1. At a probe size of 1.4 Å, how large is the accessible area of residue 272, to the nearest 10 Å²?
2. Please express the shape of the range 1-147 as an equivalent ellipsoid: the semi-axes are the square roots of 5 times the eigenvalues of the C-alpha gyration tensor, given largest first in whole angstrom.
3. For the chain, report the % of Cα-Cα distances exceeding 38 Å.
4. Cα-Cα over 28 Å: which of 103/144; 121/144; 249/286; 121/272?
5. Report the rotationally averaged projected area of the range 169-315 based on its alpha-carbon convex hull, in square nanometres.
6. Which aspartates and glutamates, if any, have their Cα less than 14 Å from the Cα of residue 44, not counting same-chain residues under 8 positions apart?
7. Considering only protein heavy atoms, what per residue accessible area in square angstrom results for the range 1-81 with a 1.4 angstrom probe?
8. Students often check this: by mean Cβ neighbours within 10 Å, which of 261-268, 121-128 ranks highest, and how do the rest follow?
Amino acid sequence: MTSNTSVGHIVRQVFFAIILILFAVMQSVYPIHDQLDIIIDEVKTANRLTFAGGIMVTVMTALLVLFGFVARSTDSALVMFIGVALMGVSFVGNIVWVAGLGKLIDYTFDSPYVSLDSRVKASMVGNLLGVFFFNTSFLLLCLKDYVNGQSGGNGASSVSEYNKFSDDASHLTFDHIIRKLVHLLGMILYYSMAVAALAGYVLDEVKNNDDITTAARLMLAGSVITLVSSTVLAVVSFVASPSTNAGVKGVGFLFMFLVFAGSILMVAGNGKYMDLGWDNLTQEQKVSSVGDCFGFFGFANVFILYCLPDFGYLM
């Protein structure tokens with residue numbers, strides 16, 4: 001492995017991959033593995049697309065992490081080609097997964113037998129958008145292993161822009177900005193629609209169950225804290241640099257902590273809700289609910305890992 005290999009880049013990539021694999025397996029693979037031959041054609045097609053897309057993303061994510069270690073140790077054009085091909089397959093899996101979710105949403109919204117509140121519909125759409133943007137964010141992170149960066153070579157010679165950070169705004173490289181913005185957009189859509197909207201619906205509909213309303217309040221508070229803090233953190237990180245003064249770093253770490261705290265509140269709320277009905281959930285529902293917890297926690301904290309280099313840490 002070359003001296004240009006960034007430890008921070010590896011930490012980000014491995015952590016993100018673990019979260020993405022757990023989320024994909026628990027949300028799209030295991031929960032519907034026994035529902036691929038359901039009698040309704042539209043639902044059957046949606047399930048098969050979601051299942052296939054989840055498997056493709058899971059396998060390609062693992063391969064991209066493993067192959068990244070190879071790519072960072074060589075300038076071979078063949079290695080770069082294989083890596084980009086793996087990313088292409090992963091992106092196709094992302095589209096297939098989203099298509100499956102979209103087809104199920106389309107069937108559910110048009111069904112005369114199902115009447116859903118607009119906030120429940122928003123939560124389903126938010127989950128779809130989160131899947132797309134978080135998968136895309138991971139691919140943009142992996143792209144750094146294979147595509148030419150600021151220096152003249154391939155692969156290892158351009159592994160991490162963080163190694164080339166200067167003391168001024170030139171540390172804000174284009175790919176770094178795009179990655180953060182794509183991930184932030186995914187967070188805004190996912191946490192506002194899939195979490196906050198659904199929690200708000202529960203609070204309006206459930207009046208006489210303190211346990212359920214407490215769980216919903218935790219999730220709503222966590223999502224709002226995460227959304228506001230991550231947006232402010234993004235702004236602060238753009239004006240920061242590795243040599244920025246202690247005051248700016250202090251503000252940055254404050255909002256990183258708030259993003260982390262918000263993710264914990266969402267997990268706590270979802271955990272409380274799961275605990276209330278655990279005995280009545282199927283095995284598939286239990287796995288899916290745990291997958292939600294990994295998503296609530298993981299995707300928010302990946303953004304913290306994205307922002308740390310702007311303050312001179314985990315570069």
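1. Spelled out: residue 272, probe radius 1.4 Å, area about 70 Å².
2. Values: eigenvalues 240, 43, 26 Å².
Here the semi-axes work out to 35, 15, 11 Å.
3. When all Cα pairs of the chain are counted, 17 percent exceed 38 Å.
4. Those over the limit are 103/144; 121/144; 249/286.
5. Computed as one quarter of the Cα hull surface, the answer is 9.4 nm².
6. Filter leaves 34, 106.
7. Spelled out: the 1.4 Å probe surface of the range 1-81, per residue, equals 46 Å².
8. 261-268, 121-128
The values are calculated or read from the model by the stated rules, or taken from the named source; none is laboratory data. Since this is a predicted model, take the numbers as computed values, not measurements. Glycine gets a Cβ as well: all are built from the backbone with ideal geometry, and neighbour counts include every protein chain shown. Please note that ligands, DNA and RNA were not included when accessible areas were found on the heavy atoms of the full protein model with its side chains. Shrake-Rupley method; radii C 1.70, N 1.55, O 1.52, S 1.80 Å.
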